[in-house]
Amino acid sequence: MSTRTDTIAHELAASLAARLGPELGAEIRIGAETDLSRDLGLESIQVMEFVEEIEDHYDVSIALERLSKARTVRDLAAIVAVELGHSA
Amino acid sequence: MNLLDKFDAARALEAALGESGIDPTRVVIERIVSPTEAIIEGRPIILAGTNNYLGLTFDPRCLEAGHRALDELGTGTTGSRMANGSYAGHQELERELADFYGWPYAMVFSTGYGANLGTLWALLGDGDCALLDADAHASLYDACRTSGAEVYRFRHNDPDSLDKRLRRLGERAKRALIVTEGMFSVLGDLAPLDRIAELKDHYGAYLFVDEAHSLGVFGERGTGLVEALGVTDRVDFIVGTFSKSLGATGGFCVSPHPELGLVRYTSRPFVFTASPSPSVIATTLEALHQLRARPELRQRLWRNAGRLFEALEALGLKLGPPVRPVLGIPLGDKPAALRTWRELLDSGLYANLLLPPASPDGNSYLRLSISAAHTSRQIDAIVERLRSSLPQLRSAEPTSP
């Protein structure tokens with residue numbers, strides 16, 4: 001796994017923790033392997049809102065078909081890393 | 001896991017609705033009395049969720065045109081236009097639509113869904129991009145996502161969000177199609193088409209607008225929001241449906257681009273779908289004549305929308321400007337929404353219940369659509385029933401008769 005994806009996954013996990021804040025139970029710690037739906041119970045509309053924030057923050061656009069298989073924070077980070085590579 | 005296990009979620013949903021005793025998906029209209037009244041569960045019900053904006057479903061001239069077509073042309077075309085040929089009515093309706101919009105090209109499809117699928121599949125393919133409003137109708141999502149193009153969502157009605165996505169595309173923006181709607185179907189909110197058209201021009205992209213809920217509703221001539229906002233000459237493709245203001249079924253696309261005339265060769269939903277039945281074409285054509293010749297229908301629709309809007313706001317419901325013929329009222333969580341919807345039906349009012357994921361922002365909504373055919377008394381009755389059943393209005397004082 002690339003360092004870049006690691007770094008982005010860490011940033012996304014921190015962003016998610018800040019976003020969900022008090023909604024999260026104390027036992028849930030968000031990391032690269034956290035599953036957005038299974039572990040955090042996010043509905044698809046919430047995932048899409050988070051993706052919109054990611055797009056603005058990194059100034060990238062993520063095509064819907066690329067998101068269809070993304071389950072974890074690391075999956076999202078890998079997509080962002082590829083998109084950043086494209087626009088570099 | 002076997003093939004049919006994927007239905008477990010739907011089975012659970014059906015069971016939950018069955019246990020609750022409230023299943024909006026199983027409403028049966030036992031008899032339709034008029035554009036605004038029906039018999040449901042043996043009782044008279046006021047209809048406020050039909051999208052029958054101009055109330056033309058029982059217009060005597062439309063009925064007569066349909067009857068005549070049935071007698072003269074039979075019940076169906078029994079095949080697609082590419083295989084079985086076009087009826088004269090198909091072509092006449094296309095000429096009439098082209099004339100109505102002032103553009104040279106028009107195509108008729110058998111459903112509104114088919115119009116979106118048929119045109120977007122033809123317009124988009126590998127290497128193209130679709131920029132899709134986040135709250136766009138499911139048919140637009142389905143069409144874009146299965147077209148082969150890359151699909152990017154922009155925030156609902158947010159030109160800045162669209163601007164960013166167009167900028168990021170760089171030169172590829174010239175292969176991008178912006179896909180949005182005129183009036184959106186759940187909340188009745190309006191796309192900022194003037195600003196979207198500016199962006200389309202700036203980046204050299206194309207603009208596709210679904211006016212399903214705007215046809216017959218907006219614009220001095222009634223073509224839609226594109227006309228009302230003065231951007232007709234900056235839009236590339238307009239699609240619409242026959243199933244709302246025109247009171248039938250079917251859909252269409254109009255365009256100034258000659259390529260729309262070539263879509264018939266490349267659009268699989270067009271090539272492989274049976275063409276609309278003669279009676280459907282005949283009633284649609286007559287309804288379009290009525291729409292064009294009787295602006296008073298549109299004026300009555302807006303008067304009715306204003307009456308409902310003012311009464312609900314007077315009761316304290318925050319609807320926000322502008323007045324519109326479609327209202328989405330938030331109903332809280334799903335069980336509460338189901339209870340309220342059922343209570344309204346019991347009180348004699350039918351409106352649409354929209355639950356996630358079919359609703360735009362994860363909330364449940366009651367959708368009301370007003371018709372030119374509603375009487376003032378019916379609108380007052382709608383308000384009174386809402387006052388009695390909506391939790392947020394229960395403490396409001398009754399309106400004066």
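The values are calculated or read from the model by the stated rules, or taken from the named source; none is laboratory data. Given the structure is predicted, the values throughout are model-derived calculations rather than measurements. Heads up, the Cβs are rebuilt from the backbone with ideal geometry, glycines too, and the neighbour counts pull from every protein chain shown.
Just give me the residues in the range B:189-203 being assigned to a helix (DSSP H, G or I) and more than 14 Å from every other protein chain (Cβ to nearest Cβ), in sequence order. Steps first, answer last, please.
Restricting attention to the range B:189-203, the residues satisfying the condition of being assigned to a helix (DSSP H, G or I) are B:193-203.
B:193, B:194, B:195, B:196, B:197, B:198, B:199, B:200, B:201, B:202 - these are the residues of the range B:189-203 that are assigned to a helix (DSSP H, G or I) and more than 14 Å from every other protein chain (Cβ to nearest Cβ).
So residue B:371 passes all but one of these: (1) polar (S, T, N, Q); (2) more than 23 Å from residue B:23 (Cα to Cα); (3) part of a loop (DSSP other than H, G, I, E, B); (4) out of contact with any Phe, Trp or Tyr (no Cβ under 8 Å at 6 or more places or on another chain). Which condition number does it fail?
All conditions are met except number (4).
Suppose we filter the range B:8-17 for residues that are within 29 Å of the chain's Cα centre (by Cα) and exposed (fewer than 11 other Cβ atoms within 10 Å of the Cβ); how many remain?
2
If you scan the range B:52-93, which residues turn out to be under 20 Å from the mean Cα position of the chain (by Cα) and either β-branched (Val, Ile, Thr) or surrounded by fewer than 19 Cβ atoms within 10 Å (Cβ to Cβ) (or both)?
As a first pass, look at the range B:52-93 and keep what is under 20 Å from the mean Cα position of the chain (by Cα): B:52-58, B:93.
Result: B:57, B:58.
Out of all the residues in the range A:40-47, is one or more within 14 Å of another protein chain (Cβ to nearest Cβ), surrounded by 15 or more Cβ atoms within 10 Å (Cβ to Cβ) and part of a loop (DSSP other than H, G, I, E, B)?
Filtering the range A:40-47 down to residues within 14 Å of another protein chain (Cβ to nearest Cβ) leaves A:41-47.
So of that shortlist, the ones also surrounded by 15 or more Cβ atoms within 10 Å (Cβ to Cβ) come out as A:42, A:45-47.
This time we only want the ones that are part of a loop (DSSP other than H, G, I, E, B), so: A:42.
Yes, that holds for at least one residue.
Tell me which of these residue B:361 doesn't satisfy, since it passes every other one: (1) at pLDDT 90 or above; (2) assigned to a loop (DSSP other than H, G, I, E, B).
(1)
Within the range B:326-337, take every residue that is surrounded by 17 or more Cβ atoms within 10 Å (Cβ to Cβ) and out of contact with any Ser or Thr (no Cβ under 6 Å at 6 or more places or on another chain) and give me the one that is farthest from residue B:217 (Cα to Cα).
Let us first name the residues in the range B:326-337 that are surrounded by 17 or more Cβ atoms within 10 Å (Cβ to Cβ), namely B:326-329, B:331, B:337.
Subset that is out of contact with any Ser or Thr (no Cβ under 6 Å at 6 or more places or on another chain): B:327-329.
On the way: B:327: 14, B:328: 17, B:329: 20 Å.
Among those that are surrounded by 17 or more Cβ atoms within 10 Å (Cβ to Cβ) and out of contact with any Ser or Thr (no Cβ under 6 Å at 6 or more places or on another chain), it is B:329.
Looking at the range B:18-36 only, could you name the residues that are surrounded by 10 or more Cβ atoms within 10 Å (Cβ to Cβ) and free of Cβ contacts under 8 Å to residues at least 60 places away in the same chain?
First pass over the range B:18-36, keeping only residues surrounded by 10 or more Cβ atoms within 10 Å (Cβ to Cβ): B:18, B:20, B:22-24, B:27, B:29-36.
Within the range B:18-36, B:18, B:23, B:29, B:30, B:31, B:32, B:33 meet the criteria.
Taking the options A:20, A:84, name whichever one is farther than 30 Å from residue B:176 by Cβ, more than 12 Å from the chain's Cα centre (by Cα) and either within 14 Å of chain B (Cβ to nearest Cβ) or at pLDDT below 90 (or both). Working first, answer last.
On the way: A:84 fails: farther than 30 Å from residue B:176 by Cβ.
Of A:20, A:84, the one residue that is farther than 30 Å from residue B:176 by Cβ, more than 12 Å from the chain's Cα centre (by Cα) and either within 14 Å of chain B (Cβ to nearest Cβ) or at pLDDT below 90 (or both) is A:20.
Taking into account only those residues within the range B:3-37 that are modelled with pLDDT of 95 or more and of a type in the set (S, T, N, Q), which is farthest from residue B:339 (Cα to Cα)?
The qualifying residue farthest from residue B:339 (Cα to Cα) is B:34.
Within the range A:48-73, which residues are touching a Lys or Arg at 6+ places or on another chain (Cβ under 9 Å), among the hydrophobic types (A, V, I, L, M, F, W, C) and more than 9 Å from chain B (Cβ to nearest Cβ)?
A:50
Can you confirm whether residue A:76 is facing chain B (nearest Cβ under 10 Å) and closer than 28 Å to residue B:144 by Cα? Break it down into steps so the answer makes sense when it comes.
Numbers: facing chain B (nearest Cβ under 10 Å): no; closer than 28 Å to residue B:144 by Cα: yes.
Spelling it out, it is not the case that residue A:76 is facing chain B (nearest Cβ under 10 Å) and closer than 28 Å to residue B:144 by Cα.
Select the strands (runs of 3 or more DSSP E) contained entirely in the range B:110-188, then report the ones holding at least 1 residues which are within 14 Å of chain A (Cβ to nearest Cβ) and of a type in the set (Ser, Thr, Tyr). Give the steps one after another, and end with the answer.
Working: elements: B:129-133, B:150-154, B:176-181.
Because the criterion is at least 1 residues that are within 14 Å of chain A (Cβ to nearest Cβ) and of a type in the set (Ser, Thr, Tyr), the strands (runs of 3 or more DSSP E) in the range B:110-188 that meet it are B:150-154.
Look through the range A:63-88, keep the residues that are in contact with a strand residue (DSSP E or B) (Cβ under 6 Å, 6 or more places away or on another chain) and not in a helix (DSSP H, G or I), and return whichever of them is farthest from residue A:9 (Cα to Cα). Write out each step before concluding.
If we filter the range A:63-88 for residues that are in contact with a strand residue (DSSP E or B) (Cβ under 6 Å, 6 or more places away or on another chain), which is where we start, we get A:63-64, A:71-72.
When the remaining residues are screened for being not in a helix (DSSP H, G or I), the result is A:63, A:71-72.
On the way: A:63: 19, A:71: 13, A:72: 9 Å.
Restricting to residues being in contact with a strand residue (DSSP E or B) (Cβ under 6 Å, 6 or more places away or on another chain) and not in a helix (DSSP H, G or I), the top hit is A:63.
Are there any pairs with C-beta distances below 9 angstrom linking a residue in the range B:136-162 that is touching a residue at least 12 places away in the same chain (Cβ under 8 Å) and crowded, with 23+ Cβ neighbours inside 10 Å to a residue that is in a helix (DSSP H, G or I) and β-branched (Val, Ile, Thr), with the two at least 6 apart or on different chains, and if so which?
Pairs that qualify, where the first residue is touching a residue at least 12 places away in the same chain (Cβ under 8 Å) and crowded, with 23+ Cβ neighbours inside 10 Å and the partner is in a helix (DSSP H, G or I) and β-branched (Val, Ile, Thr), are B:143/B:119; B:153/A:51; B:162/B:196.
Under 9 Å between Cβ atoms, at least 6 apart or on separate chains: pull out the pairs that start in the range B:360-379 with a residue that is under 15 Å from residue B:245 (Cα atoms) and within 14 Å of chain A (Cβ to nearest Cβ) and end on any residue that is part of a strand (DSSP E or B) and of a type in the set (Phe, Trp, Tyr).
none
What's the number of the only condition in (1) in a helix (DSSP H, G or I); (2) free of Cβ contacts under 8 Å to residues at least 60 places away in the same chain; (3) more than 10 Å from the chain's Cα centre (by Cα) that residue A:60 fails to meet?
If we test residue A:60 against (1) in a helix (DSSP H, G or I); (2) free of Cβ contacts under 8 Å to residues at least 60 places away in the same chain; (3) more than 10 Å from the chain's Cα centre (by Cα), just (1) comes out false.
Return the only residue of B:187, B:169 being modelled with pLDDT under 95 and not acidic (Asp, Glu). Write out each step before concluding.
Values: B:169 fails: modelled with pLDDT under 95.
Testing whether each residue is modelled with pLDDT under 95 and not acidic (Asp, Glu) leaves just B:187.
Quick check: anything in the range B:266-282 under 18 Å from residue B:224 (Cα atoms), at pLDDT 95 or above and surrounded by fewer than 17 Cβ atoms within 10 Å (Cβ to Cβ)? Lay out the reasoning, then the answer.
Here is the first cut: in the range B:266-282, the residues under 18 Å from residue B:224 (Cα atoms) are none.
No, every residue in the range B:266-282 fails to be under 18 Å from residue B:224 (Cα atoms), at pLDDT 95 or above and surrounded by fewer than 17 Cβ atoms within 10 Å (Cβ to Cβ).
Run down A:34, A:3 and say which single residue is surrounded by 13 or more Cβ atoms within 10 Å (Cβ to Cβ), more than 25 Å from residue B:358 (Cα to Cα) and either more than 14 Å from every other protein chain (Cβ to nearest Cβ) or modelled with pLDDT of 85 or more (or both).
Values: A:3 fails: surrounded by 13 or more Cβ atoms within 10 Å (Cβ to Cβ).
Within the list A:34, A:3, the selection yields A:34.
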